[in-house]
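Take a look at the structure below.
Every read-out reported here was derived from the displayed coordinates using simple, explicitly stated rules and does not represent laboratory data. Given the structure is predicted, the values throughout are model-derived calculations rather than measurements. Cβ placement follows ideal geometry from the backbone for every residue including glycine, while neighbour counts extend to all protein chains displayed.
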Amino acid sequence: MQESRLSPATVGYSGRKRRYILITIIAVPAIAAALIFAHQQHPYANSIVLNFDSYGNSSIDKTFVRIDTGAPHPKGIWVIKTDPSAPSKSNVLARLANGESGSDYHMLIKSGGIYSNFQAEVKFKVVSGKQSVAGLVIRFQDTDRYFVLQADAKNHKFSLCRAQPGIILCTQDTTAYIAAGQWHSIVAQVAGAGGEPGVVGYLDGVRLIQRYDTNYMNGGQIGLWTKGDSTVYFDDLSVTY
């Protein structure tokens, strides 16, 4: 009877796999501990809350910067509109697709703040679209460099994705039921400079994402994010730092 032997390459792969599993087991609780430590070292002393209720219909604060990617076809619009179901009545910030299709990304970035150790939150409602994706942007550097916690109501996934030049890489995701036509919330707890660089993501108050990542760790701006033909309403965008 012949012996079954693993090749050196297979043995090496198996060893690396065990090391990666061990690193993951160690890293996950370490991220949570690091974020607690970062919060203790950098307690949140300031906060900004935008509920859009003082805005006139159709007007958007000039401190928001709009960014669209992809081919030069119709990109939809961002507007302030009234929604009786808004978490804080009565206005919401709406991204209306207006018949757009495709898989481009659309962002509205809040300028005037660079945050490293902070908590950001937004409430959202996916209204329609084949894509049906809403997201909260964190550590925004420029069009090609940022993170986004995205909620996909079509595929029922909650993901942490990192934008790099030419690609968006989703480094962690989990199954989560996201009902279209209903309000949900995304919370991001982020530690950067002065603490272990971790990101913790919550959907509807449940912690689903924990990720150690050293990219863009010196901080960045926050913002809102949608994809393709998604029509999404946002409310109560806030950051504490």
Response to the item:
For N57 and S85, extending 7 Å from Cα along the Cα-Cβ vector and measuring point to point gives, in nm, a value of 1.9
Worksheet, complete the sentence: Once Lys and Arg are counted +1 and Asp and Glu -1 for all other residues with Cβ under 15 Å from that of S185, the total becomes -1
Worksheet item: Which whole-Hz ³J(HN,Hα) couplings does the stretch 175-182 yield from phi under the Karplus relation 6.51 cos²θ - 1.76 cosθ + 1.60, θ = phi - 60°, glycine and proline marked x?
Response: 6, 7, 7, 10, 7, 5, x, 10
Worksheet, complete the sentence: Any aspartates and glutamates whose Cα falls less than 17 Å from that of K125, other than same-chain ones fewer than 8 residues away, would be D53, D83, D152, D204, D229, D235, D236
Worksheet entry | Extension gain, V206 back to V65 (0.36 nm per residue minus Cα-Cα distance, nm) | 47.8 nm
Worksheet entry | Proxy reagent accessibility, fewest Cβ within 10 Å first, across H106, H156 | H156, H106
Worksheet item: How about K62: which aspartates and glutamates have a C-alpha closer than 14 Å to its C-alpha, ignoring those fewer than 8 places off in the same chain?
Response: none
Practice prompt. Quick one: order C170, C161 by neighbouring beta-carbon count within 10 Å, fewest to most.
Written response: C170, C161
Fill in: Rounded to whole Hz, the Karplus (6.51, -1.76, 1.60) HN-Hα couplings of the stretch 200-207, x for glycine and proline
10, x, 10, 10, 6, x, 10, 6
Worksheet item: Can you sort T240, T214 by how many other beta carbons sit within 10 Å, fewest first?
Response: T214, T240
Item to complete: Among the listed pairs K157/K227; K89/K123; K89/K130, give every one whose C-alpha distance is greater than 18 Å.
Response: K89/K130
Worksheet entry | In Hz, Karplus ³J(HN,Hα) per residue of the stretch 62-68 (6.51, -1.76, 1.60; θ = phi - 60°; x = Gly, Pro) | 5, 7, 8, 10, 8, 9, 10
Fill in: the stretch 36-180: C-alpha gyration tensor shape, a/c 1.5 cut-off, then a/b vs b/c
rounded
